[in-house]
Each structure stands twice: as C-alpha cells, then as structure tokens.
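**Student:** Here it is: the structure, laid out below.
The values are calculated or read from the model by the stated rules, or taken from the named source; none is laboratory data. What you see is a predicted model, and the numbers here were worked out from it, not measured in a lab. Cβ placement follows ideal geometry from the backbone for every residue including glycine, while neighbour counts extend to all protein chains displayed. Ligands, DNA and RNA are stripped out before the accessible areas are found, and what is left, the full protein with its side chains, is counted by its heavy atoms. Shrake-Rupley method; radii C 1.70, N 1.55, O 1.52, S 1.80 Å.
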Amino acid sequence: EGYYAKADKANAPFILLIHDWDGLTDYEKKRADMLATEGYNVLAADMFGTGIRPTELADKKRLTSELYKNRSKMRRILTAALNTGQAQGNNVREGVTMGYCFGGGVALELARSGFEQKAFVPFHGGLETPTGQSYSNTKGEILVFHGSADEAVPFEDFAALNKTLEAAKVPHEMITYSGAVHAFTDFNNKDRYDARADERSWNRYLNFLENTYK
C-alpha cells in the first residue's frame, strides 16, 4: 500500500521513493510531501505489503533478507510500483528512483536491472553489488549520499562501487559527509540524525533534480 504525493502543477516529473527497513512510515510520506511541494509527483512504494510495518529488529532483518535473497521478487515489486506510477499519468522512464538505507540498495537494484530512468539515488543505502550482477546495462546516472562514519555500510563498499561504476562507464556522483553515521537523514532518530549532512545532501539532491529537469 503505497503513498502518492502529487505536485500542484501539470506534467510534474516522477520520483519513486523506497523506504528503509521499517517499511513505509510517516518518514517516507513526509519526504514525499516535501518533494511534492518542490514540484514532483512522488510514489512512496511499499516493498513489504499492506499493514506490514515491522517494529522488532528481527522482523526488519527477516523482511529485508527475504528480498535480498529473492532479487526477482524485489524486481517484480519495483515493476508493480512503476506501473502504478505510470497509471497515475507519469512518464516513469523519465523519472528518478531514490531510497533510504534498504531502499537505497533497492534503487541500485533497479539501476542494475537496465530499467531506463534519469537517475538512481541512494541515501545511506546498501552499496554492495550482488554476485552475478553488474552495472553494464544501467541507463541513468547514479547519485550516492553516504556517511563517512557509516558503520553498517563500510567505506570499502563506497570505494568499490566507485570503481565499478567507473569501469562500467556509468555517469555518477558520490558524496560523503564527515561524521555522519548510517541513517543520517532520519530526523526521527535523535541518535543518528545529522542535521548538517541531511541539509547538505537534501539541497544537493534538489539541485540535481532541478538541473535534470530544467
């Protein structure tokens, strides 16, 4: 059960937003609303299913692990979300897919699938390339926001992705923020939220979108 935030203008560009391992919560809905006020139609997709909003760590790990192990299912859900966005009158192949944490890894899964979009944007997302996959068919830019102090996604993964994208000749921009830990944009998590990194990454993202669709 996704959440759709519509811009107050005709022919607004489309953004697909993927949640973290908490499932689709008020956090993603707030981000979708923020983007809608900037002039974008945003579908915050639901990767887990209606009413499935895990609160226990074990459930979060189980739900994300199931999708990590079943990449074809992950892609089918993404396809369904994109079809839903298309049904709302959006040109999803001219859109952008973004995601937070788990959702960032999902955004990169779509990039590797070869689905054509303007860009794929993980915020503190999983950056490791699964065995047997590559970016050889990627059709769109990659924009990565990463915390230098991220303990869940090591900097080695960041560096490896940089080398992989360069070798595949995929246009990319990768930014790190000193002192920022995993989930640094989550303003509901006082222990992890980094206002400086959040503000800078959000402003860069808005600037990127503006330049993409000008």
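**Student:** Expressed in nm to one decimal, what extension gain is obtained for the pair residue 57 and residue 166 from 0.36 nm per residue of sequence separation less their Cα-Cα distance? Don't skip to the end; give the middle numbers.
**Tutor:** On the way: separation 109, 0.36 × 109 = 39.24 nm, distance 3.55 nm.
Answer, rounded to one decimal: 35.7 nm.
**Student:** Right, next: Given the peptides 85-92, 106-113, arrange them by the average over their residues of other C-beta atoms within 10 Å, most packed first. Before the final figure, lay out the partial values.
**Tutor:** Details: 85-92: 16.0, 106-113: 24.5.
Put in order of decreasing packing, that is 106-113, 85-92.
**Student:** What distance in nm separates the simple spin-label points at residue 156 and residue 50, each placed 7 Å from Cα in the Cβ direction?
**Tutor:** It works out to 4.4 nm between the two label points.
**Student:** While we're looking at this one, here's another question. Scan around residue 141 for amide H atoms under 5 Å from its own, H built in the peptide plane at 1.01 Å from N, and keep only partners 5 or more places away or cross-chain.
**Tutor:** Residues meeting the criterion, in which the H sits 1.01 Å from N, are 119, 120.
**Student:** Ranked by accessible surface with a 1.4 Å probe, highest first, in what order do 136, 72, 201 come? Walk me through the intermediate numbers first.
**Tutor:** Details: 136 90, 72 65, 201 0 Å².
Putting 136, 72, 201 in descending order of accessible area: 136, 72, 201.
**Student:** In terms of solvent-accessible area of protein heavy atoms at a 1.4 angstrom probe, what is the ranking of 21, 202, highest value first?
**Tutor:** Details: 21 90, 202 25 Å².
Listed by decreasing accessible area, they come as 21, 202.
**Student:** I want to make sure I understand the PRE zone here: with the label point 7 angstrom from the Cα of residue 84 toward its beta carbon, which residues in the stretch 54-78 have backbone N atoms less than 11 Å away?
**Tutor:** Inside the label zone: 77-78.
**Student:** Additional query: Sort the chain into rounded, prolate or oblate with this rule: let a ≥ b ≥ c be the square roots of the eigenvalues of the Cα gyration tensor; rounded if a/c is under 1.5, and if a/c is not under 1.5, prolate when a/b is larger than b/c, oblate otherwise. Could you put the intermediate results ahead of the total?
**Tutor:** Working: a/c = 1.14, a/b = 1.10, b/c = 1.04.
Rounded.
**Student:** Still on this structure, I have one more. If the cut-off is 17 Å between C-alpha atoms, which lysines fall inside it for residue 6, apart from same-chain ones fewer than 8 positions away?
**Tutor:** By straight Cα distance, residue 6 reaches 29, 30.
**Student:** State the antiparallel share, in %, of DSSP beta bridges confined to the chain, rounding to the nearest 5. Display every interim value, and only then the final one.
**Tutor:** On the way: 3 of 26 bridges.
Restricted to the chain, the bridges split so that about 10 percent are antiparallel.
**Student:** Then there's this: Let me make sure I get this right: for the stretch 1-62, a, b and c are the square roots of the gyration tensor eigenvalues over alpha carbons, sorted descending. Under 1.5 in a/c it's rounded, otherwise prolate if a/b > b/c, else oblate. Which is it? Show your work: numbers first, answer last.
**Tutor:** Numbers: a/c = 3.34, a/b = 2.76, b/c = 1.21.
Cα axes put the stretch 1-62 in the prolate bin.
**Student:** Would you rank 52, 18 by solvent-accessible area, highest first, keeping every protein chain in place and using a 1.4 Å probe? Intermediate results must be reported in sequence, preceding the final value.
**Tutor:** Details: 52 65, 18 0 Å².
The ranking, largest first, comes out as 52, 18.
**Student:** With a 1.4 Å probe and all protein chains kept in place, how much accessible area does residue 4 have, in Å² rounded to the nearest 10?
**Tutor:** 70 Å²
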